[in-house]
1. Hey, rough spin-label estimate for D252 and K102, points 7 angstrom out along Cα→Cβ, what's it come to in nanometres?
2. Tell me the accessible surface of S82 in square angstrom (1.4 angstrom probe, heavy atoms of protein chains only), to the nearest ten.
3. Spin-label point model (7 Å from Cα, Cβ direction): what's the T186 to I149 distance in nm?
4. Based on the alpha-carbon gyration tensor of the chain and its eigenvalue square roots a ≥ b ≥ c, which shape applies: rounded if a/c is under 1.5, prolate if not and a/b is larger than b/c, or oblate?
5. Students sometimes get this wrong: rank F24, F42 by accessible area, probe 1.4 Å, all chains present, largest first.
6. Suppose the chain between N310 and K169 were pulled fully straight at 0.36 nm per residue; how much longer would it get relative to their current alpha carbon spacing?
7. Ignoring ligands, DNA and RNA, what accessible area per residue does region 62-150 give at 1.4 Å, in Å²?
8. Accessible area of the chain with a 1.4 Å probe: how many percent of it is carbon plus sulfur?
Amino acid sequence: MNSLFFFYTIAMLTLCIVTAVFSFAALASTRRRLFFFSTGAFVCCAIELTEIFFHEYISQNQPFPMDEYYAISMPVLRTAVSIILNAFVWLLILNVLDKHSKRLFAWPVIMLSIANLVVIFLMPEGPVRQWLYYTLRQAFSFGTLLYAIWSYKHEASPELKAQLAKFRKPLRVVLTLVGLIILEDTLVILVMPPSDGETWLPLYLSERNFTENVLLVFAALLLLRHIYHVLSIRIQEAPEIENVPDIERHIDTIMPRYRMEHGLSEREAEVLSLVVMKKTNQEIADELVLAVGTIKSHVHNLVKKTGTKNREDLIVDFWQS
C-alpha cells in the first residue's frame, strides 16, 4: 500500500473514531438525541473507511485490474452503511429543526434505498453506474439541506430561527463542499480516463473522494467544538457566571428545547434567561420594564411548570437539561 494513502486513511479513520467516542460521551452526559445521531453517523463513516482500507490493504503490491476501475467493491455492505449514515444525518437535521415526524423521516430514506438498489442491480457496470451510485448520496444530502433552509425560512418559530442563525455560515460551507464532491466525482469518473501509469493510483482514485473527506473533517471539527461547549457546562451544580464564557450563547442553545419540554411562554423564557444569569427580581423587572410582582409571578410559574423546588433548583435543572 502506498505510504501516503496509508497514513491518510489512518488519519481519517482515527478522526471518525475519536469524534464518535466524544459524541457518545456527550450522549451519556446529556441524553440528547443529537449526540446519538451524530455518534451513529461517525460510526458509519468509520466502517466505510475501514472497508476501503481493507480493500486497499489486500490489493497492495498487486497490479490494479483496469476492468475493475468502475466496479463497486462490497456493494451490499457499502450500500447498507451508506443508507444508515444518511439516515442518521437526516435525523440530525430533523432534530435541529425540532421536527419529529416518522413519515417525514422515512420517505426520503426509502426513496434513497430504492434508488441505490436500482443502480446496483439493474444498471450495467460502467462509469455512469458508478457515478450515479456515488452521486445519489450527495443528491440526498443536497435535498435534505435545501429542505432545512426552506423549513428555517417558512416554518421555524422566532426562537428557533434565533438559535439556528449561527448555522448559516457552516451551512454555506457544507452546500459548497457537497457541490464540489459531485464535481470531483464527475471529473474523475465521467471525464478523466482511468490512469494506468502507476499501478496503485487507479485503486485509490476509484475508491475515494477527497472533497468528501474535507467535508468529513469540517463536520467533525464543528461537532467536537459543540461537544466541548456542552461538556464545559455539564456539571452537577449551576456554574458561576464568571466561569462560563459566552453564557448568553449557552443559554440560547439550551432554551428552545427546554422551553418546548416545559411549555413555557415567550415571556417566561425571557424571564428564565435572566434568572439563569442569576439576576434579582428587581434587576429582571428593570430590564424587561415590568413590575417586580409580575416577575415574582413568572418565577413562581416557572418553578411550578418545571417541577423544581425553588429558584436555585430551577437554575440547576436548566443547566442539566
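The values are calculated or read from the model by the stated rules, or taken from the named source; none is laboratory data. Owing to the predicted nature of the structure, the values given are computational and were not obtained by experimental measurement. Don't worry about glycine lacking a Cβ; one is built from the backbone with ideal geometry, like all the others, and counts go over all protein chains shown. Remember, those area values only see protein heavy atoms, side chains included, never the ligands or the DNA or RNA. Shrake-Rupley method; radii C 1.70, N 1.55, O 1.52, S 1.80 Å.
1. My value for the distance between the label points is 3.6 nm.
2. Result for S82: roughly 10 Å² accessible.
3. Those two pseudo-labels are separated by 1.7 nm.
4. Judged from the Cα gyration tensor, the chain comes out prolate (a/c at least 1.5, a/b above b/c).
5. The most accessible residue leads, giving F24, F42.
6. Full-extension gain reported as 46.8 nm.
7. Ligands and nucleic acids excluded, the result is 52 Å² per residue.
8. With neighbouring chains kept in place, the figure for the chain is 66 percent.
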